[in-house]
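Below is a structure I'd like to ask you about.
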Amino acid sequence: MIIQLITRSRLVHPRRTRPANTTRRALECSPLYSEELGIDLAKPSDTAYFRWFLASLLFGARISETTAQKTYQSFVRHGLTNPQKILKAGWDFLVYPVMREGGYVRYDGRKSTQVLRDCEMLIADFGGRLSRLHDVATDARDVEERLLAFYGVGPVTTNIFLRELRPFWTKADPDPLPAVERLV
């Protein structure tokens, strides 16, 4: 799953460096997951940022790409596209029907707990706005540390979230994951 995800995302902002070889060129030209999910990160919008954060939480888990996409689409289908609506829906609704419709069966309870806790933290610490997280951070490393402070968010999820925001957030500049560096 992680290798699939990394091989389909742009590694660097196209204006920062020139592709070194055809593998890098192919990676840079491949569609972004946010684009495939209909999330337009180019327009500054906390709605889009949250939707991408939610998708990143799903893509960062040890599940298939298809399951992550279907589960994200289930959140959207049920209108759960902001932290307040997710908290209002509650754990039972997230487990069934949302997670189950997406094919999340084995870890549906744990992932539901993570999503709820992360929504609570986002509201408590940043007023429900990921743009606020970016604004209060001092630099790229601080943005990463603030994301890593969310429950269940590790380096892979942080990298997934930030690398697609790189062209739009000045403080989004994660180092490539070791698996990506080995590919190029």
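Does residue 76 count as of a type in the set (A, V, I, L, M), surrounded by fewer than 18 Cβ atoms within 10 Å (Cβ to Cβ) and under 16 Å from residue 48 (Cα atoms)?
Values: of a type in the set (A, V, I, L, M): yes; surrounded by fewer than 18 Cβ atoms within 10 Å (Cβ to Cβ): yes; under 16 Å from residue 48 (Cα atoms): yes.
Answer is yes for this residue.
Considering (1) loosely packed, with under 14 Cβ neighbours inside 10 Å; (2) modelled with pLDDT of 95 or more; (3) farther than 22 Å from residue 172 by Cβ, say which one residue 141 fails and leave the rest.
All conditions are met except number (3).
Within the range 133-156, identify whether any single residue is part of a helix (DSSP H, G or I), within 18 Å of residue 52 (Cβ to Cβ) and among the small types (Gly, Ala, Ser), and answer yes or no. Quick ask: steps written out before the conclusion?
Filtering the range 133-156 for residues part of a helix (DSSP H, G or I) gives 133-136, 140-148, 155-156.
Next, only the ones that are within 18 Å of residue 52 (Cβ to Cβ) stay: 133-135, 140, 143-144, 146-148, 155-156.
Right, trim to among the small types (Gly, Ala, Ser) and you get 140.
Within the range 133-156, one or more residues are part of a helix (DSSP H, G or I), within 18 Å of residue 52 (Cβ to Cβ) and among the small types (Gly, Ala, Ser).
I'd like the full set of residues that are in contact with a helix residue (DSSP H, G or I) (Cβ under 7 Å, 6 or more places away or on another chain) and crowded, with 18+ Cβ neighbours inside 10 Å, limited to the range 53-69. Write out each step before concluding.
Taking the range 53-69 as the starting set, the residues that turn out to be in contact with a helix residue (DSSP H, G or I) (Cβ under 7 Å, 6 or more places away or on another chain) are 53-61, 65, 67-68.
Matches in the range 53-69: 53, 54, 55, 56, 57, 58, 59, 60, 61, 67, 68.
Looking only at the range 126-180, which residues are acidic (Asp, Glu) and in contact (Cβ under 8 Å) with a residue 60 or more places away in the chain? Spell out the reasoning first.
Step one: list which residues in the range 126-180 are acidic (Asp, Glu), which gives 135, 139, 142, 144-145, 164, 173, 175.
Correct list: 164 only.
The values are calculated or read from the model by the stated rules, or taken from the named source; none is laboratory data. Just so it is clear, the structure is predicted and the values come from calculations on it, not from any experiment. Counting neighbours? That spans all protein chains shown, and the Cβs are built from the backbone with ideal geometry, glycine included.
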